[in-house]
Amino acid sequence: MTAFSLNPEQSAWCAELRTLADERLRPLAEKGEPGRVNRPLVEALGQLGLLDRLFAGEGQGEPGKLSASHAPHASHAPRGTSGALGLCLLRESLAYACTEAETALALQGLGAHPVAAYGSVRQREQWLAPARAGNAVAAFALSEPGAGSDAAALALSAAPDGPSSWRLTGEKCWISNAPEADFYTVFARTTPGAGARGVTAFLVPADRAGLTGTPLDMLSPHPIGALAFDGVTVTGDDVLGEPDRGFRVAMTTLNRFRPSVGAFAVGMAGAALDATLAHTAQRDAFGGKLKDLQAVAHQVAEMATRTEAARLMVHAAAAAYDRGEPDIAQRAAMAKLLATETAQYVVDAAVQLHGARALQRGHLLEHLYREVRAPRIYEGASEVQRTIIAKELYAARSAAPDTREPREEPSV
């Protein structure tokens, strides 16, 4: 298997996931309330073994399979579906059939991955196990009112309060699953003036004294809120990783999930494309079918080409992550950038080709149109991804020896 093709077993697994999402998860999603955590949906993701796949090789449990006792359509996942590539296939498949299920899964992974990767045995036993089971909702609390994509500019203060204790004071904003999560991975400044080197990651239970939250009314239907820290006490037992090394925790988590944000986008683009193929093939227009108009056919061809290009780049970035290649930051940024921008284009084009019906509340494309906008901003906006890509390109150029032969200057 290469990064550019899936074997029949993997393709069958993706189809199985789409069926599972459509038959088992979508009904739960439809019963949920926009802007609120859908706990029955999260619990179903845990019961079906899908949350386990977020932490394959980390923490406890048996990753790599769906729970056959709860999922009649599920079976053992094929080889090559673990790690970052497996996460991408999982997110793309769920997004195609049920964006709410995909988002619930991704947010659980984003919030709990630092615990799986950097947590102590006690932290993993207390919080990772219920998170994997879908019984505890996790959240990743990085963004602030004045520090969104610039994670090194975090202002949430962690003031020393003893030899191994701090008090958190400040705000977090645009935090998915807030304020309803059961625990938060919180990034706070323990060393003022140290930039990225003075940030520490903490595991903060939602019931910790001094922590409050409010929901935000956002375009995206999943829950997003703000958090206020009024002298919240944290100790060395709450640290994830090491003090002043929290920026590494944040970037490791984001680098793992950024390619799969692209997979989420590709899944939405694929759903919009298939809906457009079905609509244009049956819609009567100007004495024929809509697909017979060259302008329409060429638009659909462009949508399909861009979607496939984004899918290939996402798979390549994920495979590079799994191989441990050194340029994952650049690859992940490229994958997220291309996939999210592509999905925006494809969904918008699909709405245009469907006409007014796509603007009706409850239509698939009306739903996707609201869902597709946010991924171009969260986990690093498109402009931030371009900055990362350019920085990595110039760094690689500076590090590489110049082996070019000197050119002979033209005579005058």
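List of remarks:
- Of the criteria (1) in contact with a Ser or Thr (Cβ under 9 Å, 6 or more places away or on another chain); (2) at pLDDT below 95; (3) at negative phi, which one residue 365 fails: (2)
- Residue that is surrounded by the most Cβ atoms within 10 Å (Cβ to Cβ), among those in the stretch 275-296 that are farther than 23 Å from residue 96 by Cβ and small (Gly, Ala, Ser): 285
- Taking every residue in the stretch 106-132 that is closer than 16 Å to residue 181 by Cα and pairing it with any residue that is crowded, with 24+ Cβ neighbours inside 10 Å and basic (Lys, Arg), at least 6 positions away or on another chain, the pairs with Cβ-Cβ distances below 8 Å are 106/91; 112/132.
- Scanning the stretch 250-298 for residues that are under 30 Å from residue 190 (Cα atoms) and either at pLDDT 95 or above or of a type in the set (Ser, Thr, Tyr) (or both) turns up 252, 253.
- Scan of the stretch 162-205 for residues that are in a loop (DSSP other than H, G, I, E, B) and over 24 Å from residue 135 (Cα atoms), ordered by number: 162, 163, 164, 190, 191, 192, 193, 194
- Test: residue in the stretch 101-119 that is surrounded by fewer than 24 Cβ atoms within 10 Å (Cβ to Cβ) and of a type in the set (Asp, Glu): no
- Residues of the stretch 27-50 that turn out to be within 16 Å of residue 91 (Cβ to Cβ) and assigned to a helix (DSSP H, G or I), as a count: 4
- Meets criteria (under 26 Å from residue 263 (Cβ atoms) and surrounded by fewer than 17 Cβ atoms within 10 Å (Cβ to Cβ)) for residue 150: yes
- In this entry, residue 51 passes the filter for residues that are modelled with pLDDT of 60 or more, in contact with a helix residue (DSSP H, G or I) (Cβ under 7 Å, 6 or more places away or on another chain) and either surrounded by 16 or more Cβ atoms within 10 Å (Cβ to Cβ) or over 30 Å from residue 174 (Cβ atoms) (or both).
For (1) outside any helix (DSSP H, G or I); (2) under 25 Å from the mean Cα position of the chain (by Cα); (3) modelled with pLDDT under 90, each residue gets a yes or a no:
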position	(1), (2), (3)
335	no, yes, no
348	no, yes, no
353	no, no, no
396	no, no, no
405	yes, no, yes
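- Selection status of residue 357, among the basic types (Lys, Arg) and under 18 Å from residue 291 (Cα atoms): yes
- Scanning the stretch 149-161 for residues that are touching a residue at least 60 places away in the same chain (Cβ under 8 Å) and not in a strand (DSSP E or B) turns up 149, 151, 152, 156, 161.
- Selection within the stretch 212-242 - assigned to a strand (DSSP E or B), in contact (Cβ under 8 Å) with a residue 40 or more places away in the chain and either touching a Phe, Trp or Tyr at 6+ places or on another chain (Cβ under 6 Å) or buried (at least 21 other Cβ atoms within 10 Å of the Cβ) (or both): 224, 225, 227, 229, 232, 234, 240
- Flag for residue 311 being at pLDDT 95 or above, within 27 Å of residue 89 (Cα to Cα), among the basic types (Lys, Arg) and in the same structural domain as residue 393 (by TED's automatic domain parsing): yes
The values are calculated or read from the model by the stated rules, or taken from the named source; none is laboratory data. Every value quoted in this text rests on a predicted model; they were computed, and no experiment measured them. Heads up, the Cβs are rebuilt from the backbone with ideal geometry, glycines too, and the neighbour counts pull from every protein chain shown.
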